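Working notes, structure below.
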Amino acid sequence: DSGVTQTPKHLITATGQRVTLRCSPRSGDLSVYWYQQSLDQGLQFLIQYYNGEERAKGNILERFSAQQFPDLHSELNLSSLELGDSALYFCASTGTGSGNTIYFGEGSWLTVV
Amino acid sequence: AQSVTQPDIHITVSEGASLELRCNYSYGATPYLFWYVQSPGQGLQLLLKYFSGDTLVQGIKGFEAEFKRSQSSFNLRKPSVHWSDAAEYFCAVAPSGTYKYIFGTGTRLKVLA
């Protein structure tokens, strides 16, 4: 158990809809990362937050957004969903005690039908 | 641009046989190097990491990896594979001092009884 908690574990929704994925980082970790894993794109970095502030952006679509709240949990919002958004979305966290290592949650499986 | 190459998409070995998974990276300086394992339906678990120092790194589950600067490689090895090692293995690099992980495309390991 990495200590990173993600909900929901599985989600099925229709095209055009909006979903929110939630992540609770490891206790004390200030940084949260979101990754997308799909068959055709592999594991891709989406976005990073540090203590509530956006720190780095990767290949995140404009239809996607994220935020990190004062209690350090994070949410990834996916809107106007398309079939190609079906993927496994990982949250990861790290902090001063992590030794430059990112710890991943078990992911949220999103299926868009 | 930084990149990570895992040349073997699939590898099949017999239980008890030795294993070597290849990873090559492209980066100007010595990056931080990682190996993660993903079991079916699971998140990414850190096997081992290299930041500096001894180029032979020991990890969990009996895995080790060797950093070879001259070959820009960080290959993962295990002397005797167990059926429970069947999973997908990801090599990742990050520029020193950062968390901007770049993942390889993964190698799926199948273990024959």
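The values are calculated or read from the model by the stated rules, or taken from the named source; none is laboratory data. Because the structure is a prediction, the values reported are computed rather than measured. Please note: Cβ atoms are built from the backbone with ideal geometry, for glycine as well, and neighbour counts cover all protein chains shown. Only protein heavy atoms, including side chains, enter the accessible area calculation; ligands, DNA and RNA are left aside. Shrake-Rupley method; radii C 1.70, N 1.55, O 1.52, S 1.80 Å.
How many nm is it between the label spots at residue B:80 and residue A:60, if each spot is 7 Å from the Cα in line with the beta carbon?
4.7
Give the carbon-plus-sulfur fraction of the accessible surface of the stretch A:35-113 in %, rounded to a whole number; probe 1.4 Å, heavy atoms of protein chains only.
Ligands and nucleic acids excluded, carbon and sulfur give 47 percent.
Go ahead and run the numbers for FRET between residue A:12 and residue B:8, Cβ-Cβ distance against an R0 of 25 Å, rounding to 0.05.
0.15
Please identify which residues in the stretch A:13-48 have an amide N closer than 18 Å to a label point set 7 Å out from the Cα of residue A:80, following the Cα→Cβ vector.
Backbone N within reach: A:14-20.
Work out the charge dipole of the protein assembly as shown with +1 on the Cβ of Lys and Arg and -1 on the Cβ of Asp and Glu about the Cα centre, then indicate which of B:47, A:6, A:79 is farthest towards its positive end.
B:47
Over the Cα atoms of chain A, what radius of gyration and what Dmax do you get, in Å?
That works out to 13.2, 41 Å for Rg and Dmax.
Using the eigenvalues of the Cα gyration tensor, what equivalent ellipsoid semi-axes result for the protein assembly as shown when each is taken as the square root of five times the eigenvalue, whole Å, largest first?
29, 21, 16
With every protein chain kept in place and ligands, DNA and RNA left out, what is the accessible area per residue of the protein assembly as shown? Probe 1.4 Å, answer in Å².
48
Report which residues of the stretch B:51-68 become buried by 20 Å² or more of accessible surface when going from the isolated chain to the complete set of protein chains (1.4 Å probe; DNA, RNA and ligands ignored).
When all protein chains are present, B:51 each give up 20 Å² or more of accessible surface.
Between residue B:72 and residue B:39, take the C-beta separation as r, use R0 = 30 Å, and let me know the FRET efficiency to the nearest 0.05.
For R0 = 30 Å, the calculated efficiency reads 0.60.
Report, in cubic angstrom per residue, the convex hull volume of the C-alpha atoms of chain B.
Once divided by residue count, the hull of chain B is 97 Å³.
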